[in-house]
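A.B. asks: Sharing a structure below in structure tokens format, with a few things to ask.
Laboratory data are not the source of any read-out in this text; all were calculated from the coordinates shown. Only a predicted model underlies this, so the values are computations on that prediction, with no experimental measurement involved. Note that we place each Cβ from the backbone using ideal geometry, even for glycine, and neighbour counts take in every protein chain shown.
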There are 2 protein chains.
Amino acid sequence: MSERAIQDDYPDDVSHCYGCGRLNEEGLHIPSFRDGDETVCRFRPRPYHTAVPGYVYGGLVASLIDCHATGSAAAEAGPGTRFVTANLNVDFLAPTPLDAELQARGRIEEVKGRKIVVSVTVRAGDLECARGRVVCVRMPEDLIQRPRVTGRG
Amino acid sequence: MSERAIQDDYPDDVSHCYGCGRLNEEGLHIPSFRDGDETVCRFRPRPYHTAVPGYVYGGLVASLIDCHATGSAAAEAGPGTRFVTANLNVDFLAPTPLDAELQARGRIEEVKGRKIVVSVTVRAGDLECARGRVVCVRMPEDLIQRPRVTGRG
């Protein structure tokens, strides 16, 4: 497994995601890594990420799958690329324990033009908690608020 | 539109959801209301709920759809009921602006046994940002950590 997170290669102006951006001070900093043909992310939910006491709320599991998938797509497309999500589909298979390290594993299912489809499983130890399929699309340039270079006089 | 949020009727021991639980001090407190045949939720993202600057990260949109759907299912099934999510499917149609009040509207699509399917649209003003379909299932009793009544000697 590589030591540098995929998200560490995101350009600064697209590194503010609450889920995975290294420049979002309030954010979750979900880190994705290459691991052979797959990608892997280890994440420990915060104590307040509750659904009902003892279990993780669905939105966090969805966020983990979403950010890990777009990260996996970026790793596939090459350093510095950035993807957004067109479709996120999550099956919740078992209640996700709150007091455990979660492991998300991603796999590239399809690459076609600007689109990359990624499947993600989320496990807590041996328990498979959720399974996702994410359609990622290369981020449109006009979504990025880059500093404009203005001419003088 | 009723003034009491659907989540206000959740029993105390299942009111800790980070997305919508009134007893989660750190949480988002997503509030859902009945509105005729539909349900409605108005929510203003926090400034740090960024995807790229100016837009909302997908995980928040997914959380909003998820919690609003399970709330809508609870409203359909009757006060005090509580649902969990079996499947969450979200189409992201347009980048969701960060500096806007989002409006999620829910509609019951199917009721079958313990299962209720809810569709949800998310708009910012006139802009439809996302559309979701959520399969909700009545919460299993064994998921709830109720205080046990123990006999004396």
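A.B. asks: From Cα coordinates alone, what are the radius of gyration and Dmax values for chain B in angstrom?
C.D. replies: Cα only, chain B: 16.1, 65 Å (Rg, Dmax).
A.B. asks: Taking the Cα centre of region A:25-153 as the origin, how large is its charge dipole in debye, to the nearest 20, when only Lys and Arg (+1) and Asp and Glu (-1) carry charge on their Cβ atoms?
C.D. replies: The calculated dipole for region A:25-153 is roughly 560 debye.
A.B. asks: How far is helix A:58-77 tilted off the main Cα axis of chain A, in degrees rounded to 10, range 0 to 90?
C.D. replies: 50 degrees
A.B. asks: Given contacts defined as C-alpha pairs under 8 Å and at least six residues apart, what's the relative contact order of chain B, whole-number percent?
C.D. replies: In percent, rounded to a whole number, it is 22.
A.B. asks: May I ask you to report, in nm to one decimal and beginning with the shortest, the distances from A:Leu127 to the same position in the other copies, taking label points 7 Å along Cα-to-Cβ?
C.D. replies: Copy-to-copy label distances at A:Leu127, shortest first: 4.0 nm.
A.B. asks: Going 7 Å from Cα along the Cα-Cβ axis for the label, what nanometre distances separate A:Asp99 from the same residue across the other copies?
C.D. replies: Copy-to-copy label distances at A:Asp99, shortest first: 4.4 nm.
A.B. asks: Can you sort B:Leu93, B:Leu98, B:Leu64 from fewest to most other Cβ atoms within 10 Å of each residue's own Cβ?
C.D. replies: B:Leu93, B:Leu98, B:Leu64
A.B. asks: Quick check on chain A: helices-only [θ] at 222 nm, where DSSP H runs of length 4 and up contribute -39,500 (n - 2.57) each and the sum goes over total residues. Nearest 500, please.
C.D. replies: Calculated at 222 nm, the ellipticity per residue is -4500 deg cm²/dmol.
A.B. asks: Sticking with this structure for a sec: Whole Å is fine, so just give me how far the alpha carbon centre of region B:114-136 lies from that of region B:1-28.
C.D. replies: 19 Å
A.B. asks: Measuring from a point 7 Å out along Cα→Cβ, what nm distances, shortest first, does A:Gly36 have to its partners in the other copies?
C.D. replies: So the label point of A:Gly36 gives 5.6 nm to the other copies.
A.B. asks: Counting other Cβ atoms within 10 Å, keep those with at most 14, restrict to DSSP loop, and tell me which GluC sites (Glu not before Pro) in region A:13-67 are left.
C.D. replies: Taking region A:13-67 and a limit of 14 other Cβ atoms within 10 Å, the loop GluC sites (Glu not before Pro) found are A:Glu25, A:Glu26.
A.B. asks: Continuing with the same structure: Please compute the Cα-Cα pair-distance distribution of the protein assembly as shown with 20 Å bins starting at 0, giving whole percents from short to long.
C.D. replies: Bins of 20 Å from zero give 35, 55, 9, 1, 0 percent of pairs.
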